[in-house]
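Worksheet: the structure to be examined is printed underneath.
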Amino acid sequence: MIGLLYWLLSGIFREASLGRNRLRRPKRFYSTPKSHVGTAKWVIRYTNQARARRKLQPLSRYLALQSAAQGHSNWMTHHSFSHTGHKGSTPHQRIRAIGFAGEMTAENIYKFPARHDHKKLARDLVEGWMKSPGHRANILNGQLRYIGVGIAQSGGYIYATQNFGG
């Protein structure tokens, strides 16, 4: 019971530390499909393990970042695998539009053959990002404090998006 209370309060204070003007209600909210919630959780866990190996603070899950990531993953399944999104939007524009007002944002995307094992898929996604200098730099950026993961599936492929904020 004490652990649950601590978890709830730490989340409230973490969100509140961004300030009132940084928390805006999103115009549209995108939730991760139930079939991919496990994969998203493992992606966050493996990302934080990579950060811990470099003595970096773990990233905290942030709902607006998750929503922006899920929205972009959904969009990629119907359009193109790209950091450029709907109507030419950039990652920063999408993250800001959904309600995150932090100073710094970043995005990682990955297209990977679909798998049913959430842990293995998540590990493969994070290992792939860590092999790419730009994606690795986002994961290991000490100024980024928050993360959101979106995962969508189409045509035998997983479209994964990591959004970061600081």
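The values are calculated or read from the model by the stated rules, or taken from the named source; none is laboratory data. It should be emphasised that the depicted structure is a prediction, and the values quoted were computed from it without experimental measurement. Cβ: placed from backbone, ideal geometry, glycine included. Neighbour counts: every protein chain shown. What goes into the accessible areas is simple: the full protein's heavy atoms, side chains included, and nothing from ligands, DNA or RNA. Shrake-Rupley method; radii C 1.70, N 1.55, O 1.52, S 1.80 Å.
Among the residues of the stretch 89-101, write down those that are of a type in the set (D, E, K, R) and surrounded by fewer than 21 Cβ atoms within 10 Å (Cβ to Cβ). I'd like the intermediate steps shown before the answer.
Step one: filter the stretch 89-101 for residues of a type in the set (D, E, K, R), giving 94, 96.
Passing the criteria: only 96.
So which residues in the stretch 39-59 are in a loop (DSSP other than H, G, I, E, B), open to solvent by 20 Å² or more (accessible area, probe 1.4 Å) and in contact (Cβ under 8 Å) with a residue 40 or more places away in the chain? Give the derivation first.
If we filter the stretch 39-59 for residues that are in a loop (DSSP other than H, G, I, E, B), which is where we start, we get 53-59.
Those still in the list that are open to solvent by 20 Å² or more (accessible area, probe 1.4 Å) too: 53-58.
Result: 54, 56, 57.
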Members of the stretch 71-88 found to be crowded, with 17+ Cβ neighbours inside 10 Å and without any contact (Cβ under 8 Å) to a residue 40 or more places away in the chain, listed by number: 75, 85
Quick count over the stretch 102-122, residues being over 20 Å from residue 154 (Cβ atoms), touching a residue at least 60 places away in the same chain (Cβ under 8 Å) and either among the basic types (Lys, Arg) or surrounded by 15 or more Cβ atoms within 10 Å (Cβ to Cβ) (or both), is 3
Expected single match for open to solvent by 50 Å² or more (accessible area, probe 1.4 Å), at pLDDT below 90, closer than 30 Å to residue 155 by Cα and assigned to a helix (DSSP H, G or I) among 35, 31 is 35
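Please go through the stretch 152-166 and pick out each residue that is more than 22 Å from residue 67 (Cβ to Cβ) and open to solvent by 70 Å² or more (accessible area, probe 1.4 Å). Full working, then the answer.
Taking the stretch 152-166 and keeping what is more than 22 Å from residue 67 (Cβ to Cβ), we get 155-156.
Once the filter is applied, which keeps residues that are more than 22 Å from residue 67 (Cβ to Cβ) and open to solvent by 70 Å² or more (accessible area, probe 1.4 Å), the stretch 152-166 yields only 155.
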Is it true that some residue in the stretch 134-141 is farther than 26 Å from residue 53 by Cα and either at pLDDT 90 or above or part of a loop (DSSP other than H, G, I, E, B) (or both)? no
If we scan the stretch 60-69, do we find a residue that is touching a residue at least 40 places away in the same chain (Cβ under 8 Å), assigned to a loop (DSSP other than H, G, I, E, B) and open to solvent by 10 Å² or more (accessible area, probe 1.4 Å)? no
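Please count how many residues of the stretch 125-151 are closer than 18 Å to residue 76 by Cβ and open to solvent by 10 Å² or more (accessible area, probe 1.4 Å). Explain how you work it out, then say what you get.
Looking only at the stretch 125-151, we keep the residues that are closer than 18 Å to residue 76 by Cβ, and these are 125, 128-129, 132, 134-135, 138, 148-151.
Next cut, open to solvent by 10 Å² or more (accessible area, probe 1.4 Å) only: 128, 132, 134-135, 138.
Of the residues in that region, 5 qualify.
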